[in-house]
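Here the structure is laid out as structure tokens; the discussion comes afterwards.
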Amino acid sequence: MPSFNELVLFIRKEVNQDLRRLPIPEKPAYLYDPIRFTLRGTGKRFRPILVHLSGRANNADPDSLMKIALAVELLHNFTLVHDDIMDNDDTRHGQPAIHFKWDDSTAILAGDGINAIAQILLSGLPYRSNAICRSFNQATLEVCEGQAYDKEFENDLSITENQYLEMIEKKTGSLLGASANLPAILIGADPEVISYFDQFGRALGNGFQIHDDLLEIYGNVDDMGKSLGSDIAEGKQTMMVIKARNKFKKEWENLISDPNSPELMSEIRNFFQDNGIKEETKAMAKSYFDSARDILDKINGIDKNELIDFVNLVENRTY
């Protein structure tokens, strides 16, 4: 019997292989070369892994699960390609961002193409494809809403913690909710069960994003595969920034008054640590991970062990 970590590695390997096997045409190269480049990235594949684990808990058809898993990962990459343009990030998944390697126009078109490929995969499902596509597209729209809020919130010093939480539930939680609930839709589960899987994924997603904000400050740039501190440089309102602004307004304003200081990131790390903001944020992330576990307890008739192991994996990740 393989360990859970071995199972995760196996699923990630299978997803990566199937991403590379997608029948991407050669021409026009302007469209398809950047798409191939994007799908060669070394992403964590947490979302397709969750699709498979949720599907295993629901005894869903493995071939259909893989199509859903690939579609979810394609959607995630579609949003990242566009987000990197909007957020001026030049690194993604350990390689240059598409707009940085090519240009903005190429990246916009590549993202559109990736989303279209995801739709084609889902439309080919033999069962309940309409319901699955509807839920998938609802999640896509929510991700777009979340990104819109994220952009609206930039440099807005009035944003509250509750507004931030609403934003991340849409931007991150909605897709993890879909990753958890689409396999339940696939097997025709009761609406209440589908809702529980969605709530589970959203709670996991909120914890994931808050933890990701911590890693964006305290992580290792090589492990993260992207530049650190870019959110603060772009004026984004993360949970730690909101806490710092609300509790230590003058000190925080003084700290970030020179964005070009070579010591700024080190000073920000120390500020969050010394003022208890790091620990408060970690406790908030933990509360969402605990909520995800509690929601799983409401679902009867499934083996929850792998999903609980997955929550633990996400909670303790370092990249």
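Just so it is clear, none of the values below were taken in a lab; they were calculated from the coordinates. All of these numbers come straight from a predicted model, not from anything done at the bench. Don't worry about glycine lacking a Cβ; one is built from the backbone with ideal geometry, like all the others, and counts go over all protein chains shown.
A few comments on the model shown:
- Its Cα centre serving as origin, the range 239-319 has a Cβ charge dipole (Lys and Arg +1, Asp and Glu -1) of approximately 240 debye.
- Whole-Hz Karplus values for the range 90-98 come out as 9, 10, 8, 6, x, 9, x, 4, 4 Hz, taken residue by residue from phi with 6.51 cos²θ - 1.76 cosθ + 1.60 and θ = phi - 60°; glycine and proline positions read x.
- Counting neighbouring beta carbons within 10 Å and listing from fewest to most, the residues D90, D33 come out as D90, D33.
- Contact order normalised by residue count of the range 4-315, Cα under 8 Å, 6+ apart, percent: 19 percent
- Between R92 and A97, the built amide H atoms are under 5 Å apart, and every one of these is 5 or more places off in sequence or on another chain.
- Backbone geometry of the range 125-137 corresponds, through the Karplus equation with coefficients 6.51, -1.76 and 1.60 at θ = phi - 60°, to 3J(HN,Hα) couplings of 5, x, 10, 6, 5, 5, 5, 5, 4, 5, 5, 4, 6 Hz, x marking Gly and Pro.
- Protection proxy ranking for 110-120, 125-135, 77-87, 205-215, using the average of other Cβ atoms within 10 Å per residue and placing the highest first: 205-215, 77-87, 110-120, 125-135.
- Exposure proxy order (Cβ contacts within 10 Å, fewest to most) of K170, K286: K286, K170
- The simple Förster model, with R0 at 35 Å and r as the Cβ-Cβ distance, assigns S129 and R317 a FRET efficiency of 0.60.
- Here the range 4-315 is treated with +1 on each Lys and Arg Cβ and -1 on each Asp and Glu Cβ, and its dipole about the Cα centre works out to around 780 debye.
- Think of the chain as a dipole: +1 on every Lys or Arg Cβ, -1 on every Asp or Glu Cβ, centred on the Cα centre; then among I277, S105, S158, S105 lies furthest on the positive end.
- Averaging Cα coordinates gives a centre for the range 153-167 and one for the range 1-75; these two points are 33 Å apart.
- The GluC sites (Glu not before Pro) of the range 69-150 include none that DSSP puts in a loop with a beta carbon having at most 16 other beta carbons within 10 Å.
- L157/D294 FRET efficiency (R0 35 Å; Cβ-Cβ; nearest 0.05): 0.55
- From least to most packed, judged by other beta carbons within 10 angstrom and beginning with the fewest, E267, E306 follow the order E267, E306.
- Distance between the modelled labels on R40 and D103, one decimal in nanometres: 2.2 nm (7 Å Cα→Cβ projection).
- For the chain, built as a Gaussian network whose Cα springs stay under 10 Å, the top-fluctuating residue of K278, K151, K298: K298
- Taking the average, over residues, of other Cβ atoms within 10 Å as the packing measure, peptides 8-15, 49-56, 155-162 rank 49-56, 8-15, 155-162 from highest down.
- Peptides 34-47, 246-259, 191-204 ranked from most to least packed by the mean count of surrounding Cβ atoms within 10 Å: 191-204, 34-47, 246-259.
- Theoretical FRET efficiency, 1/(1+(r/R0)^6), r = Cβ-Cβ of K250 and C144, R0 30 Å, to 0.05: 0.25
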